[in-house]
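Structure first, then comments.
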Amino acid sequence: AQERENDLAKKREKNKNRVKRPLKNALNFEDLKNILESKRSISNGDSVTCSRDRICIVLLYLFGIRVAELREITIDQIHGYLKKSAVEITVGKSTSRVKMEYVSSEEGRKLLKKYCEADIEKVSTVYGQNSKLVTLSREHLTRRINAYFSAYGKKVNKTLLSHSCRIAYVTRIVEKFGIEAARQM
């Protein structure tokens with residue numbers, strides 16, 4: 001019992017001394033639009049890497065998935081989504097992963113077409129239809145995407161990271177369907 005009490009005291013002390021990070025803001029549609037339209041935000045704008053990054057940012061916003069889950073998406077699935085097919089992605093952390101189906105919506109298709117249609121074709125041509133959209137490590141991809149979000153966030157005085165897309169997704173679900181629907185998802 002004494003050992004357990006000592007462990008709890010150490011945890012409390014550790015929590016008291018930890019550096020508190022600012023809360024992340026949700027990425028709203030206006031912020032997303034500004035990030036995607038900014039020529040400087042996504043470097044050269046013409047490379048396949050920049051095209052892939054733009055697609056990744058839109059998919060994170062649409063599906064509210066983690067960067068690790070984004071790595072599962074194939075270029076073929078993106079084309080299917082544009083043709084009104086659902087995208088099935090295994091989501092969750094390592095201990096509790098489940099398959100989720102993301103139904104193609106008119107709004108989502110319009111968003112992808114408007115900002116990424118040329119990018120999708122470019123990436124398809126270079127990587128091939130059946131390949132994964134992203135082959136980078138989760139850490140590397142997270143750093144790339146967070147660089148875009150944090151650079152824009154500094155301009156507008158917000159704390160934006162890849163997780164901001166997840167927060168925005170949950171917010172949209174709560175607004176449309178209620179808290180219980182968001183909790184189940």
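Just a few scattered comments:
- Of the criteria (1) surrounded by fewer than 16 Cβ atoms within 10 Å (Cβ to Cβ); (2) of a type in the set (Val, Ile, Thr); (3) farther than 15 Å from Asn25 by Cβ, which one Ile120 fails: (1)
- One residue stands out among those in segment 64-95 that are of a type in the set (S, T, N, Q) and not in a loop (DSSP other than H, G, I, E, B): the one that is farthest from Asn146 (Cα to Cα), which is Gln77.
- Taken over segment 130-150, the criterion of being of a type outside the set (Ser, Thr, Tyr), surrounded by 12 or more Cβ atoms within 10 Å (Cβ to Cβ) and touching a residue at least 40 places away in the same chain (Cβ under 8 Å) is satisfied by Lys132, Leu133, Val134, Leu136, Arg138, Leu141, Arg144, Ile145, Phe149.
- Selection status of Arg97, closer than 22 Å to Leu160 by Cβ and charged (D, E, K, R): no
- Between Lys176, Lys154, the distinction of being more than 18 Å from Ser38 (Cα to Cα) and open to solvent by 80 Å² or more (accessible area, probe 1.4 Å) belongs to Lys176 only.
- The criterion of being closer than 30 Å to Val126 by Cα, at pLDDT below 90, of a type outside the set (Val, Ile, Thr) and part of a loop (DSSP other than H, G, I, E, B) holds for Asn44.
- Qualifying residues in segment 80-117 (those that are of a type in the set (Ser, Thr, Tyr) and open to solvent by 80 Å² or more (accessible area, probe 1.4 Å)) - the one farthest from Arg54 (Cα to Cα): Thr95
- Being over 30 Å from the mean Cα position of the chain (by Cα) and either crowded, with 17+ Cβ neighbours inside 10 Å or at pLDDT below 80 (or both) is true of Asn17.
- Apart from one condition, Ile57 fits all of (1) modelled with pLDDT under 90; (2) part of a helix (DSSP H, G or I); (3) not hydroxyl-bearing (Ser, Thr, Tyr); the exception is (1).
- Among the residues of segment 146-185, the ones that are closer than 21 Å to Asp53 by Cα, of a type in the set (Gly, Ala, Ser) and in a helix (DSSP H, G or I) come to 6 in all.
- Tyr127, sole failed condition from (1) within 16 Å of Ala26 (Cβ to Cβ); (2) of a type in the set (Phe, Trp, Tyr); (3) surrounded by fewer than 19 Cβ atoms within 10 Å (Cβ to Cβ): (1)
Here is a yes/no grid of residues against (1) touching a Ser or Thr at 6+ places or on another chain (Cβ under 8 Å); (2) in contact (Cβ under 8 Å) with a residue 40 or more places away in the chain:
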position: Val58; (1), (2): no, yes
position: Glu88; (1), (2): no, no
position: Ser94; (1), (2): no, no
position: Arg97; (1), (2): yes, no
position: Met100; (1), (2): yes, yes
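- Looking across segment 96-143, the residues that are in a loop (DSSP other than H, G, I, E, B) and small (Gly, Ala, Ser) come down to Ser96, Ser104, Ser105, Gly128, Ser131, Ser137.
The values are calculated or read from the model by the stated rules, or taken from the named source; none is laboratory data. Everything quoted here is computed from the prediction, not taken from an experiment. Positions of Cβ are backbone-derived with ideal geometry, glycine not excepted, and every protein chain shown enters the neighbour counts. Ligands, DNA and RNA are stripped out before the accessible areas are found, and what is left, the full protein with its side chains, is counted by its heavy atoms. Shrake-Rupley method; radii C 1.70, N 1.55, O 1.52, S 1.80 Å.
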